[in-house]
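Only the coordinates and a few stated rules stand behind these numbers; no lab work does. The structure presented is a predicted model; accordingly, all values stated were derived computationally and were not measured. Virtual Cβ from ideal backbone geometry, glycine too; neighbours counted across all protein chains shown.
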Amino acid sequence: MHKIHSASVAYPHPSVRSAPPRRSGKAAATLWQTACAVAALGVALAAPAQAQAPALPAPETVTLDKLGYMSTFPPEGAQRVDLSNSYKYPQLRWAVQHLRELQPTRNIRRGGAAPSALPADPRPLDAVAFDDDKGQPITVDQWFTRTYTDALVVMHKGRVVYERYDNQMKPYTPHLLFSVTKSFTGLMAAQLAHEGKIDPEALVTKYVPELAESAWGDMKVRDVMDMTGAVRFREVYTDPTTEIFGYSWSSGLLPRPPGYQGPTNVYDFLKTLKKEGEHGAGFVYRTVHSEVLGWIVSRATGKHWAELMSDNIWQKLGTEEDAYVMVDSVGTPLQGAGLNATARDLARFGEMLRLGGSFNGQKIFDKAVIDDTAKGGDREKFKMGGMAFRPGYSYRNQWWVLHNADGAYEAAGIHGQFIHVNPAAEMVVVKLSSHPVAGAGFTHPLTLKAWAALAQAVRR
């Protein structure tokens with residue numbers, strides 16, 4: 001069942017409401033505009049929970065039907081979305097469904113075979129009620145709207161029991177997944193480790209000697225896989241001297257300021273990052289670890305990340321649509337943030353995980369790899385990451401592990417992207433969103449309530 005809703009209005013991103021840095025003239029304006037754009041982008045997933053809840057636009061006022069972005073020929077004025085405003089809000093609501101119209105990308109082919117079956121068994125989950133994070137009653141229907149959801153697919157025992165779209169999203173529309181991308185990279189690396197092609201206890205420099213003078217020079221591959229490596233990578237969105245800006249400029253996520261002379265691709269940028277702290281001491285979430293891990297994967301296989309995705313995952317799953325990944329100026333994929341795919345194909349991927357690595361008559365990952373990921377990592381080390389909004393979690397192979405009674409684990413990205421796998425409930429949920437707040441800390445308490453309510457509902 002495909003429900004299409006609509007609505008919209010321009011609204012400033014809540015993370016951009018502080019005074020611009022004290023500089024003068026054109027340089028100040030350029031830096032401040034870039035700071036605003038990076039703040040809206042929020043490249044890393046895990047901004048801390050906000051002390052004071054930001055004022056949000058009513059969801060019905062910021063749907064693409066009302067905003068009318070890119071709807072005239074040519075688009076003009078406030079209708080236009082381009083690189084200069086695509087990571088502001090609400091323009092981001094259009095951008096996450098149209099990234100390849102804004103940025104260079106590389107295709108991930110589905111191949112020529114017929115799509116694998118996704119049998120349907122619709123259930124009335126809209127009316128499922130639960131208490132929200134403030135103890136107030138809410139239904140799945142209201143949660144869908146309140147969290148600016150673009151697509152929601154729920155599977156139970158291999159059947160689609162709920163499927164809904166909004167905000168001009170269609171079943172065939174690829175959506176930007178942000179940090180869900182990391183989890184694909186992590187499983188690729190874990191599979192290669194299982195096959196003996198990557199040694200998690202080896203130094204990163206065994207595979208990428210170019211990083212010898214960087215933070216990864218004395219770091220083990222396992223510390224990259226589980227994000228326990230110590231690297232100085234600050235994400236202060238109002239300070240253009242912090243490393244998040246260098247990442248965004250080098251990768252092409254943001255236009256470079258006048259006079260920029262820094263790295264112009266991701267791998268050159270990684271070489272500039274230095275060690276800060278002790279490797280292995282604790283979990284510290286850093287997008288740049290995923291870029292390094294993807295570099296290791298490509299070195300170990302001799303293949304581009306997008307080629308591996310197509311050959312080893314997308315074609316074997318029997319996906320319905322091609323996926324694609326954003327690339328930088330030399331074709332390096334953003335292996336920590338750049339994947340775009342449809343909700344239905346992500347549901348296939350999640351179901352493959354639930355089944356232990358096989359789907360559509362194909363073994364895609366060894367069961368031992370899925371089991372190793374789902375068991376999680378060191379929960380004490382995870383606490384050092386400052387994510388109290390994820391109580392009891394750990395991180396393993398670039399997946400978030402809940403350690404709840406159902407053995408659930410998930411891939412997650414900013415603005416509300418999820419592949420949630422619940423083995424005990426035999427449930428997979430894909431949620432694609434364009435929430436005004438990037439960081440998970442603001443929305444995750446409600447997300448946990450929704451997962452529990454859906455798991456209970458499908459068990460009935």
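Please list, in order along the stretch 139-149, the HN-Hα scalar couplings obtained from phi with the Karplus expression 6.51 cos²θ - 1.76 cosθ + 1.60 (θ = phi - 60°), rounded to whole Hz, x for Gly and Pro.
Each residue of the stretch 139-149 in turn: 9, 4, 4, 5, 4, 3, 6, 4, 9, 6, 6 Hz.
Taking a ≥ b ≥ c as the square roots of the eigenvalues of the Cα gyration tensor of the stretch 78-217, is the shape rounded (a/c under 1.5), prolate (a/b larger than b/c) or oblate?
Prolate, since a/c reaches 1.5 and a/b exceeds b/c.
For the stretch 110-115, just list the computed ³J(HN,Hα) in residue order, Karplus coefficients 6.51, -1.76 and 1.60, θ = phi - 60°, integers in Hz, with x standing in for Gly and Pro.
Once θ is set to phi - 60°, the couplings for the stretch 110-115 become 8, x, x, 6, 5, x Hz.
Here are some pairs, LYS157/LYS316; LYS275/LYS375; LYS271/LYS316; LYS88/LYS134; LYS182/LYS381; which of them have Cα atoms lying more than 26 Å apart in this structure?
LYS275/LYS375; LYS271/LYS316; LYS88/LYS134
Any chance you could run the full-extension gain for HIS403 through GLU101? It's 0.36 nm times the residue separation minus the Cα-Cα distance, nm to one decimal. Walk me through the numbers on the way to the answer.
Values: separation 302, 0.36 × 302 = 108.72 nm, distance 3.94 nm.
Here the segment from HIS403 to GLU101 would lengthen by 104.8 nm.
How large is the dipole of the stretch 329-446 about the Cα centre if only Lys and Arg carry +1 and Asp and Glu carry -1, each at its Cβ, rounded to the nearest 20 debye?
120 debye
I'd like to compare 408-415, 420-427: which one has the highest average count of other Cβ atoms within 10 Å, and what's the full order after that?
Ranking, from highest mean packing down: 408-415, 420-427.
Provide the FRET efficiency to the nearest 0.05 for the THR72-THR139 pair, computing r from the beta carbons and using R0 = 45 Å.
Plugging the Cβ-Cβ distance into 1/(1 + (r/R0)^6) gives 0.75.
What is the dipole size for the stretch 313-391, taken about its Cα centre, with +1 at each Lys and Arg Cβ and -1 at each Asp and Glu Cβ, in debye to the nearest 20?
380 debye
Is the shape of the stretch 337-460 best called rounded, prolate or oblate, per the rule: a/c under 1.5 gives rounded, else a/b larger than b/c gives prolate, else oblate, with a ≥ b ≥ c the square roots of the Cα gyration tensor eigenvalues?
Cα axes put the stretch 337-460 in the rounded bin.
For ALA281 and THR205 in one chain, what is 0.36 nm times their gap in residues minus the Cα-Cα distance, to one decimal in nm?
Separation in residues times 0.36 nm, less the Cα-Cα distance, equals 25.4 nm.
Does the chain classify as rounded, prolate or oblate by the C-alpha gyration tensor (a ≥ b ≥ c root eigenvalues; a/c under 1.5 gives rounded; else a/b over b/c gives prolate, otherwise oblate)?
Numbers: a/c = 1.38, a/b = 1.04, b/c = 1.33.
Here the chain falls in the rounded category.
May I ask you to sort GLU291, GLU278 by Cβ crowding, counting other Cβ atoms within 10 Å and putting the fewest first?
Working: GLU291 26, GLU278 10.
Listed from fewest to most nearby Cβ atoms, that is GLU278, GLU291.
Anything in the chain that counts as a DSSP H helix reaching 15 Å or more along its axis (C-alpha) with Kyte-Doolittle mean of at least -1.0? List them, would you? Please list the in-between numbers first.
On the way: long enough: 25-41 (24 Å, 0.99); 180-194 (22 Å, 0.58); 287-301 (22 Å, 0.48); 343-354 (16 Å, -0.42); 444-459 (23 Å, 0.39).
Membrane-span-like by this rule: 25-41, 180-194, 287-301, 343-354, 444-459.
Restricting to DSSP loop positions (anything but H, G, I, E, B) with no more than 12 other Cβ atoms inside 10 Å of their own Cβ, which GluC sites (Glu not before Pro) remain in the stretch 159-207?
GLU195, GLU201
Can you run phi through the Karplus equation (6.51, -1.76, 1.60; θ = phi - 60°) for the stretch 325-338 and list ³J(HN,Hα) in whole Hz, with x for Gly and Pro?
These are the phi-based 3J(HN,Hα) values: 9, 5, 10, 8, 5, 10, x, 6, x, 7, 7, x, 7, x Hz.
Looking at the stretch 133-177, which trypsin sites (Lys or Arg not before Pro) are DSSP coil and have at most 15 other C-beta atoms within 10 Å of their C-beta?
LYS134, LYS157
Just name one of PRO423, GLY385, PRO436: the one whose Cα is farthest towards the positive end of the charge dipole of the stretch 384-460 (beta-carbon charges, Lys/Arg +1, Asp/Glu -1).
So the residue furthest toward the plus end is PRO436.
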